[in-house]
Each structure stands twice: as structure tokens, then as C-alpha cells.
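My questions will all concern the structure given below.
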Amino acid sequence: MPADMKNIIGETFVKMVARKGIDKITVKALIEECHISRQTFYYHFQDIMDVLEWCVRQETNALVKESLNAEDLQTALQIFISFNTEHFSWFQKLMDSHRRAQIESLLVDAVKTYMIEMSRHSHSDLYVNYEDMDVLLQFNACGLVGVLLEYGKTSKTSPKDPEKLSRQLEQIISGQFLHLGPDSKR
């Protein structure tokens, strides 16, 4: 049995979601496509949602690593936006599921994790206590998920400028948006 069985199951799952959406994926269908036993599947995962959560964590970790190499927040946000754009049809299939509420919560948690990891590595002198930080993270994560889902929908019909969106998001996240005057560049 390959040592990277979790990766094989996860990659197969991602391909299946892209083809037919998450609602039509069963453990039986997944193990048949992976050519593994039910026992092997349950050794690695509890159920289909566990596979989805694992895949989202893997992608979040990869995004954090890539974003940490960015020269600034705007470039990191461009990486994040590009990832969303490239995978939007996959996200849309997830959001069209009867498990939408669970999936939305999972995406918000992934964005919070991304933001926490990015803030741990930033060189900001800003101090925010834990209680305020939790509310701030939740607010920004919910907003970011909503903006990215809407951005993905509209970018199919009318091309969007990812650089402009990343600049706008940077201003919001950094708090600059609240301090912009009428003569500010937008």
C-alpha cells in the first residue's frame, strides 16, 4: 500500500467533485475509483466530509507557504485571488451542494487559518487582544469568502482585475479603507 494513500484518496476526490459535485460522491464510489478497500478508506478518513476537510487543509497550507514568499500583502492577496479564480468551478460545485452550510463554514475556517498564519509571519506592530482578534478574523474571513465567491461568479461574465481587487482587499484588511478620503486612489 502506497505511503501517500491519503493523497491518492484526496486527489481522486477532488477530481470526482470537479466532474459531478460532492452530493453524488459516496464512499463506495470513491473507493471504487481509487481501487482500494473500504477498510483502507476508513483507516484514513471517517467519511466524505472528512476527505473534503483534509483536502481544504492541504490547499490552505500550500497557499500559506506560497503567500509567505510574497513580497507584500497585496501580492499575497493576488496569490489567494488567483487560487480562487483557478478553482472557482470546483468551489461552485461545493456551494451547490445540499451541504452548503457545512462547506461555507469550512471555507470560512480555512480563510481564518490562512489569515492567522499570514499574520503570525507579518512584521506588524499592531497589537489586538485575543477577543477582538477573534471577531476581526471572523468578520474578515466571512467577508473574504463572500467577496471571492461573488468575484468568481462575475469574472466569468465580465473579466475582473485581480490586482485592483487585491489592492482593495489589502486596504480593507489593513484598516486603510476606513481612512481613505475622497481624493484617494481607488
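Just to be sure I understand the model, the point goes 7 Å from the Cα along the line to the Cβ. What's the resulting ASP96 to ASN7 distance in nm?
Taking the two extended label points, one gets 3.1 nm.
If the only charges are +1 at each Lys and Arg Cβ and -1 at each Asp and Glu Cβ, what is the size of the charge dipole of region 1-150 around the Cα centre, to the nearest 20 debye?
Result for region 1-150 is approximately 740 debye, rounded to the nearest 20.
In the structure shown, do any of LYS15/LYS93; LYS24/LYS153; LYS20/LYS153; LYS65/LYS112 have a Cα-Cα gap over 21 Å, and if so which?
Details: LYS15/LYS93 12 Å; LYS24/LYS153 23 Å; LYS20/LYS153 19 Å; LYS65/LYS112 15 Å.
Violating the 21 Å limit, Cα to Cα: LYS24/LYS153.
Related question: Can you tell me the FRET efficiency between VAL135 and GLN46 if r is taken as the Cβ-Cβ distance and R0 is 35 Å, rounded to the nearest 0.05?
Working: r = 31 Å, r/R0 = 0.88.
That gives a FRET efficiency of 0.70.
While we're on this one: For region 52-79 and region 1-44, write down the distance between their C-alpha centroids in whole Å.
With region 52-79 and region 1-44 each reduced to a Cα centre, they are spaced 24 Å.
Here is a follow-up. ³J(HN,Hα) across region 39-46 via Karplus (A = 6.51, B = -1.76, C = 1.60, θ = phi - 60°), whole Hz, x for Gly/Pro?
4, 5, 4, 6, 5, 9, 9, 7
How large a share of the accessible area of region 37-108, in percent, is made up of carbon and sulfur atoms when the probe is 1.4 Å and the other protein chains stay in place? Walk me through the intermediate numbers first.
Numbers: 1800 of 3920 Å².
With neighbouring chains kept in place, the figure for region 37-108 is 46 percent.
With every atom except the alpha carbons ignored, what do you get for Rg and Dmax of region 1-153, in angstroms?
16.9, 52
The values are calculated or read from the model by the stated rules, or taken from the named source; none is laboratory data. Computed from a predicted structure; not experimentally measured. FYI the Cβ positions are ideal-geometry reconstructions off the backbone, even for glycines, and counts take in every protein chain you see. For accessibility, only protein heavy atoms count, side chains too; no ligands or nucleic acids. Shrake-Rupley method; radii C 1.70, N 1.55, O 1.52, S 1.80 Å.
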